[in-house]
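The values are calculated or read from the model by the stated rules, or taken from the named source; none is laboratory data. Every value quoted in this text rests on a predicted model; they were computed, and no experiment measured them. Positions of Cβ are backbone-derived with ideal geometry, glycine not excepted, and every protein chain shown enters the neighbour counts.
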Ligand code: SF4
């Protein structure tokens, strides 16, 4: 058998980010995939130890420019538990709203990139057009499109006014109706051909390889950290979206339904929004060890924070969802997929290389 | 931390096997530089609660790898080897750092930023 | 000016390389391509191939592993070419300045022609940066380029602008920059 080696990346038109896959192929079939990472490694974990804990919020936000809200939420929740304080209820609701807005824009972004990867250009353009509305809503709340800086240790930095909440409601209506416009994409023949049965990850494999987030939920594992009820999620009604397709189409379906779920969660937050303070001030020393986990758009985000009572943190460890999803992707790729499907499979787990390597 | 078990190089594999049998997911491992020794905390999760194994070892000591039990430990262990310069059997460096990068940069003794820049 | 030179200015092709950015700048560049900002109306196309590109957009600071990749990409581009550093990171290393693996901005490895500050810069600023770079490309083509005495070309973003009065934020009026955006009819 003739085996050839194809290097896929690091600079590749389909991926906005540099990741390299060394593919061993027989004819057109991939038999082995070896990921090579490290092209965006910066050393943020070390910088966490050097900076002031308050400045670290902005650093945490810039681990990943696509999901700043979960990163800062996880970081401040960890530091809060070291200090032994808790954010006031209104702050928790605002955090939840920001996290869900983040999830909406991230999932729409992903849906567009999938369209781009399979050559469905008009779909890519359409979804990204809708996404701008979400970004506008975020900008009206926080003052910036991409990096929000909403979280502070002990609460949030900015309150939301009633007009903002009402504006948010309108945006949600707009996003919901526009998603309905393009919902038929799920039934599209070409999309089905390119995703169904492509990139199979069985439930057993997902458990073995430690898949998280939509990748795990598309393989029939009901794993959603929001059910643990951190922040305001304890007061809100929702069920994790789980499907049993185990393929790229399943991951598409999970994200599509999560979009609707997030819209619903935001509406619930707006209705239940309590009034009161938004910040608990505290000068307690940061002592001990804490683990803080939140559900980012791509899955479980894990922060381990250790303080030693001094002004600076001793260690911050970040495990991002994509890091956990790389091994499952290698499993999917190594099952003899076509070279043309590599980009679809890699995209189907929604890679975020920047946060993987930190 | 809650649900924490102290292990050493000899008992690590046995305890990990127990986790595997209890169908726990291996979330990640954190390496800590405590000055005179190193610690690696292995975090496991079963959906409701987390369990942790804390392995302490001296610098230069080779600790066993849990890759054979949990395939997903592969990158996690190479990252630790890369960033802390510790020895884990059968794991080589070179995952994240380039050939010109500083060596073992996450150690407390490493300079914060190399002078070359 | 021949037809090739003229077309190059009317329809510059862009190559984007993510050095070690946080993705914030990358998705803003992608947002430029989509209907809301739509740089295609200026004839600007984003291409994945360095051999077809005239403009290189670099996001993020250079690190020890990707410096060779960046250099290779730059060398593969045909002359005349311009390089734009996007974001605080691409210009200087930005917030990651004290990370051990970061060498600094893109100008440590390749000559940078235009800097677009911001973290991340707004899509309007990125478009502005490309337009400024085209001016330089024109002069490079004609051989009439002179370094400006005021130093490197930097796109002015909202950073230097006068802050809005505080009361404006208190009653949550939309940020002032919103007015300059193209209006979206579907809203
Ligand atoms: S300038 Fe800001 S948004 Fe852009 S890559 Fe750097 S940290 Fe990210």
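At a glance:
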item	result
Helices (runs of 4 or more DSSP H) wholly inside the stretch A:68-162 containing at least 2 residues that are in contact with a strand residue (DSSP E or B) (Cβ under 9 Å, 6 or more places away or on another chain)	A:68-83, A:89-117
Complete set of residues in the stretch C:119-142 that are farther than 18 Å from residue C:40 by Cα and surrounded by 20 or more Cβ atoms within 10 Å (Cβ to Cβ)	C:119, C:120, C:121, C:137
Qualifying residue in the stretch A:59-81 (condition: over 18 Å from the mean Cα position of the chain (by Cα), at pLDDT below 85 and surrounded by fewer than 24 Cβ atoms within 10 Å (Cβ to Cβ))	no
Residue in the stretch A:49-66 that is in a helix (DSSP H, G or I), in contact with a strand residue (DSSP E or B) (Cβ under 8 Å, 6 or more places away or on another chain) and within 10 Å of another protein chain (Cβ to nearest Cβ) present	yes
Close pairs (8 angstrom Cβ cut-off, 6 or more residues apart or separate chains): farther than 28 Å from residue C:68 by Cβ and touching a residue at least 40 places away in the same chain (Cβ under 8 Å) in the stretch C:20-38, more than 8 Å from the ligand (Cβ to nearest atom) and not in a helix (DSSP H, G or I) anywhere	C:31/C:37; C:36/C:181; C:36/C:182; C:36/C:184; C:37/C:182
Candidates C:73, C:103 - the one that is within 19 Å of residue A:358 (Cβ to Cβ), within 11 Å of chain A (Cβ to nearest Cβ) and touching a helix residue (DSSP H, G or I) at 6+ places or on another chain (Cβ under 7 Å)	C:103
Unmet requirement for residue A:227, which otherwise passes all of (1) touching a helix residue (DSSP H, G or I) at 6+ places or on another chain (Cβ under 6 Å); (2) assigned to a helix (DSSP H, G or I); (3) within 12 Å of chain B (Cβ to nearest Cβ)	(1)
Residue count, the stretch A:189-226 (criterion: in contact (Cβ under 8 Å) with a residue 40 or more places away in the chain and over 12 Å from residue A:328 (Cβ atoms))	12
Residue within the stretch A:189-201 that is more than 14 Å from chain B (Cβ to nearest Cβ), more than 19 Å from the chain's Cα centre (by Cα) and on the phi > 0 side of the Ramachandran plot present	yes
Where residue A:196 falls short, out of the listed (1) under 30 Å from residue A:274 (Cβ atoms); (2) surrounded by fewer than 19 Cβ atoms within 10 Å (Cβ to Cβ)	(1)
Flag for residue C:82 being without any contact (Cβ under 8 Å) to a residue 60 or more places away in the chain, surrounded by 22 or more Cβ atoms within 10 Å (Cβ to Cβ) and in contact with a strand residue (DSSP E or B) (Cβ under 9 Å, 6 or more places away or on another chain)	yes
Residue ID - nearest to residue A:286 (Cα to Cα), chosen from residues in the stretch A:10-48 that are assigned to a loop (DSSP other than H, G, I, E, B) and more than 11 Å from every other protein chain (Cβ to nearest Cβ)	A:28
Test: residue C:131 is at pLDDT 85 or above, under 15 Å from the mean Cα position of the chain (by Cα) and away from the ligand (no atom under 15 Å from the Cβ)	no
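Matching residues to (1) surrounded by fewer than 23 Cβ atoms within 10 Å (Cβ to Cβ); (2) touching a helix residue (DSSP H, G or I) at 6+ places or on another chain (Cβ under 9 Å); (3) farther than 30 Å from residue A:312 by Cβ; (4) more than 9 Å from chain C (Cβ to nearest Cβ):
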site: A:95; (1), (2), (3), (4): no, yes, no, yes
site: A:104; (1), (2), (3), (4): no, yes, yes, yes
site: A:122; (1), (2), (3), (4): yes, yes, yes, yes
site: A:149; (1), (2), (3), (4): yes, yes, no, yes
site: A:161; (1), (2), (3), (4): yes, yes, yes, no
site: A:181; (1), (2), (3), (4): yes, yes, yes, yes
